[in-house]
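The values are calculated or read from the model by the stated rules, or taken from the named source; none is laboratory data. Computed from a predicted structure; not experimentally measured. As a convention, Cβ positions derive from the backbone with ideal geometry for all residues, glycine included, and neighbour counts pool all protein chains shown.
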Amino acid sequence: MLNTATVGLIYPDHAAEDDYPHAAALLGVDLPVAHIYGTDLHAVPELLELGSPAKLAHGVELLAPHQPEAVVWACTSGSFVYGPAGARAQAEGLTRVAGVPASSTSFGFANAARALGVQQVAVVASYPDEIARLFLDFLAAAGIEVVSMSSADIDTAAEVGTLSPAQVLDLAVANDHPDAAAVLIPDTAMHTLAVLPELEAALGKPVLTANQVTVWEGLRLAGLLDRLPERPSLGALFTEITTDADR
């Protein structure tokens, strides 16, 4: 491990959390995962409940024995569903409870795009259209222009977690846009880390995925990015590392 550096992740239910041990092994850091539970439906009421202060506080309690240097709420939809101001309040509340810098996957996307100098993106969403459009609103508030958006209309995180690498690749390739400087794939329930090299090779541009930016955001908050080796297998985000993004 990188001097036993630890970033704690609060993850909803079970779907693609095995992406995190993959990243931890590549980066030489500790990424303990605390699971919180609720209905995994991609719908506004359920997502608001999933990202509630009480749920996140329980996640912090579960992570406490690991003494993380930063904490990330590893759920994109469970943060952007609150809107830009609500998501910021959520992250600030999580910081207070955790006692260390904290953020969410939604802010990870905004900060990662900024770090790469990306302003125009294509969004390849697994969510139903109604939920995916809330992510577009969040990105717009961060100054990121979405030139195209696709929705796979998958109702639950559990279903998303069953997508194969080939299906993930097909979704991305089919829904790229020539004006997009990067492709964003926003669901932490989707397995993406192992297929990142293929995604970027096929698209010829950076690909930002939920589990990738979750890890990056946590390492950024912990001040560890400058100490990491470049890892091409984790995409352009980890080979063009910058630290000037600011939640």
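Tell me which residues, restricted to the range 51-110, are hydroxyl-bearing (Ser, Thr, Tyr) and over 17 Å from the mean Cα position of the chain (by Cα).
52, 95
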Q) Pick from the range 168-196 the residues that are free of Cβ contacts under 8 Å to residues at least 40 places away in the same chain and surrounded by 15 or more Cβ atoms within 10 Å (Cβ to Cβ): which of them is nearest to residue 231 (Cα to Cα)? A) 196
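Please determine whether any residue of the range 92-104 is in the same structural domain as residue 77 (by TED's automatic domain parsing), surrounded by 24 or more Cβ atoms within 10 Å (Cβ to Cβ), under 24 Å from residue 14 (Cα atoms) and of a type outside the set (A, V, I, L, M).
Looking only at the range 92-104, we keep the residues that are in the same structural domain as residue 77 (by TED's automatic domain parsing), and these are 92-104.
With the extra rule that they be surrounded by 24 or more Cβ atoms within 10 Å (Cβ to Cβ), the set shrinks to 94, 102-104.
Within this subset, residues satisfying the condition of being under 24 Å from residue 14 (Cα atoms) are 94, 102-104.
Those still in the list that are of a type outside the set (A, V, I, L, M) too: 103-104.
Checked against the condition, which is being in the same structural domain as residue 77 (by TED's automatic domain parsing), surrounded by 24 or more Cβ atoms within 10 Å (Cβ to Cβ), under 24 Å from residue 14 (Cα atoms) and of a type outside the set (A, V, I, L, M), the range 92-104 yields at least one hit.
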Q) Of all the helices (runs of 4 or more DSSP H) wholly in the range 161-245, which have at least 3 residues that are within 23 Å of residue 78 (Cα to Cα) and at pLDDT 90 or above? A) 165-174, 210-221
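This table checks each residue for (1) touching a residue at least 24 places away in the same chain (Cβ under 8 Å); (2) hydrophobic (A, V, I, L, M, F, W, C); (3) under 16 Å from residue 220 (Cβ atoms).
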{"residue": "15", "(1), (2), (3)": "yes, yes, no"}
{"residue": "21", "(1), (2), (3)": "no, no, no"}
{"residue": "37", "(1), (2), (3)": "yes, no, no"}
{"residue": "52", "(1), (2), (3)": "no, no, no"}
{"residue": "67", "(1), (2), (3)": "yes, no, no"}
Q: Scan the range 203-225 and give yes if some residue there is surrounded by fewer than 16 Cβ atoms within 10 Å (Cβ to Cβ), under 25 Å from residue 102 (Cβ atoms) and either in contact with a Cys (Cβ under 8 Å, 6 or more places away or on another chain) or not basic (Lys, Arg) (or both), otherwise no.
A: yes
**Q.** residue 49, sole failed condition from (1) in contact with a Ser or Thr (Cβ under 7 Å, 6 or more places away or on another chain); (2) of a type in the set (Asp, Glu); (3) farther than 18 Å from residue 214 by Cα
**A.** (1)
Q | Checking residue 122 against (1) of a type outside the set (S, T, N, Q); (2) at pLDDT below 95; (3) in contact with a Ser or Thr (Cβ under 9 Å, 6 or more places away or on another chain), the condition it does not meet | A | (2)
Q.
If residue 132 meets every condition in (1) closer than 25 Å to residue 205 by Cα; (2) under 17 Å from the mean Cα position of the chain (by Cα); (3) at pLDDT below 90 apart from one, which number is that one?
A. (3)
Q) Which residue out of 34, 16 is outside any helix (DSSP H, G or I), touching a helix residue (DSSP H, G or I) at 6+ places or on another chain (Cβ under 9 Å), outside the structural domain of residue 189 (by TED's automatic domain parsing) and at pLDDT below 95? A) 16
Q: Run down 157, 194, 166, 189 and say which single residue is under 26 Å from residue 40 (Cα atoms), touching a Gly at 6+ places or on another chain (Cβ under 6 Å) and of a type outside the set (D, E, K, R).
A: 189
Q. Taking the range 74-91 as the region of interest, how many residues are buried (at least 24 other Cβ atoms within 10 Å of the Cβ) and of a type in the set (Phe, Trp, Tyr)?
A. 1
